[in-house]
């Protein structure tokens, strides 16, 4: 309503003028010279408004003619100075992740590659060391007249087992055989191949250490343990027992010898 009234007043200020006797414009009538509510549609020059559009006794913009509105429109002003660039706004929050898309179809399997050529055979490795070598067994005849020691070929006991004259069989007797150095004893036993009797009682058949024609049972300096538990490396075999018959017996000790890598 205020905008319409302002336009009306401006129109009145332009169109309504006083005249003097000689017909010249005496002065421009302004809003200050008009009493509120004193100008109506009948006071507007014909052609300046479309009077049939006036309602409620007021003059609105739509009541003015296009020609008048064109005259009232001022010339376009000069373009104003471009304003400064505004500050950059804050970065917005990251949007929520969208739903996962559907799983794609499996791709076509690739063709199987051709087998590569076999590489050349590598050179043969060095021959490994043999764990056991120069295996042999020995079973001498006690009482055969052989010397007890054979230089570097080992040795054996030479006495037969004497008959038990009293017949109580209380005399402990023995036969032994030693491997030739550096062989060690892997096993052994005894045999009565030439003169069998049921009066022979064997109480010992065991590996033994022998040096200087004596077993470690006869000379403890021969005993050479290799650990705190008393283990040793045997180089012979010992057989002990009783002859309860009245004749001398040949008891043959047997030993299995070999060189063993350690």
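The values are calculated or read from the model by the stated rules, or taken from the named source; none is laboratory data. Source: prediction; values computed, not measured. Cβ sites come from the backbone with ideal geometry, for glycine too, and all protein chains shown count toward neighbours.
Here are some notes:
- Just one of the listed residues (234, 207) is out of contact with any helix residue (DSSP H, G or I) (no Cβ under 8 Å at 6 or more places or on another chain), modelled with pLDDT of 95 or more and in a loop (DSSP other than H, G, I, E, B), and it is 234.
- Residue in the stretch 212-231 that is assigned to a strand (DSSP E or B), surrounded by 15 or more Cβ atoms within 10 Å (Cβ to Cβ), without any contact (Cβ under 8 Å) to a residue 40 or more places away in the chain and within 60 Å of the chain's Cα centre (by Cα) present: no
- Condition met for residue 180 (under 52 Å from the mean Cα position of the chain (by Cα) and either at pLDDT 85 or above or within 26 Å of residue 217 (Cα to Cα) (or both)): no
- Residues of the stretch 178-211 satisfying the condition of being exposed (fewer than 14 other Cβ atoms within 10 Å of the Cβ), farther than 18 Å from residue 251 by Cα and in contact (Cβ under 8 Å) with a residue 60 or more places away in the chain: 182
- Flag for residue 261 being under 28 Å from residue 131 (Cα atoms) and modelled with pLDDT under 90: yes
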